[in-house]
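Down below is the structure, laid out as structure tokens.
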Amino acid sequence: MRFLKGIFALFEGMKMVAIHLFRPAVTVKYPEKRDKFSSRLRGCLAINVDKNGKIDCVGCRSCIRVCPCIDAIKIESERIDGSVIINKFEIDSGKCILCGNCVFVCPKGVLKMTPEYEMADSDKTVFIRGIDEMSRFEEEEG
């Protein structure tokens with residue numbers, strides 16, 4: 001009796017293989033062909049830069065407060081004559097979980113999520129990006 005159950009299970013498995021053998025493939029040959037993603041994709045972070053290369057950040061640090069990742073965003077700023085000058089604005093993409101909280105909470109809309117999702121690298125220092133790298137990325141996209 002166990003022998004017949006084994007044969008039955010074997011034919012049931014072969015039936016499933018035969019059914020799926022003639023279906024179209026679901027996977028994509030990734031490096032050559034890429035899927036289309038939604039415009040709402042949360043990819044790499046970028047900074048909105050004006051034509052003069054300045055960011056409109058007011059230095060409120062609300063992006064740092066709302067970020068669930070410790071030390072993913074670093075901002076150094078100073079106030080001179082009532083205006084805020086941003087000396088350092090760095091985002092560590094290696095620590096960032098791409099939640100988008102910093103984008104939603106920014107009062108000036110300085111940060112934005114881009115559709116770039118290929119961020120893998122073997123060197124950790126590549127993930128720490130400052131104003132120059134993020135604004136350069138913005139120019140390539142736009």
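Test of understanding: among Asn87, Asn101, Asn48, which residue is polar (S, T, N, Q) and either loosely packed, with under 10 Cβ neighbours inside 10 Å or at pLDDT 90 or above (or both)? Spell out the reasoning first.
Numbers: Asn87 fails: either loosely packed, with under 10 Cβ neighbours inside 10 Å or at pLDDT 90 or above (or both); Asn48 fails: either loosely packed, with under 10 Cβ neighbours inside 10 Å or at pLDDT 90 or above (or both).
Checking each option against the conditions leaves just Asn101.
Residues checked against (1) touching a residue at least 40 places away in the same chain (Cβ under 8 Å); (2) hydrophobic (A, V, I, L, M, F, W, C); (3) over 30 Å from Glu90 (Cβ atoms):
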residue	(1), (2), (3)
Phe8	no, yes, yes
Phe11	no, yes, yes
Ala18	no, yes, yes
Leu21	no, yes, yes
Val28	no, yes, yes
Cys44	yes, yes, no
Val49	yes, yes, no
Gly53	yes, no, no
Cys60	yes, yes, no
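Each row is one residue, and each column tells you yes or no for (1) touching a strand residue (DSSP E or B) at 6+ places or on another chain (Cβ under 8 Å); (2) among the small types (Gly, Ala, Ser).
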{"position": "Thr27", "(1), (2)": "no, no"}
{"position": "Asp50", "(1), (2)": "no, no"}
{"position": "Ile55", "(1), (2)": "yes, no"}
{"position": "Pro68", "(1), (2)": "no, no"}
{"position": "Ser77", "(1), (2)": "yes, yes"}
{"position": "Cys99", "(1), (2)": "no, no"}
{"position": "Leu111", "(1), (2)": "yes, no"}
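Hey, Ile70 hits all of (1) over 23 Å from Pro115 (Cβ atoms); (2) aliphatic (A, V, I, L, M); (3) modelled with pLDDT under 85 but one; which does it fall short on?
(3)
The values are calculated or read from the model by the stated rules, or taken from the named source; none is laboratory data. Here the structure is a predicted model, which means the values were calculated and not measured. Positions of Cβ are backbone-derived with ideal geometry, glycine not excepted, and every protein chain shown enters the neighbour counts.
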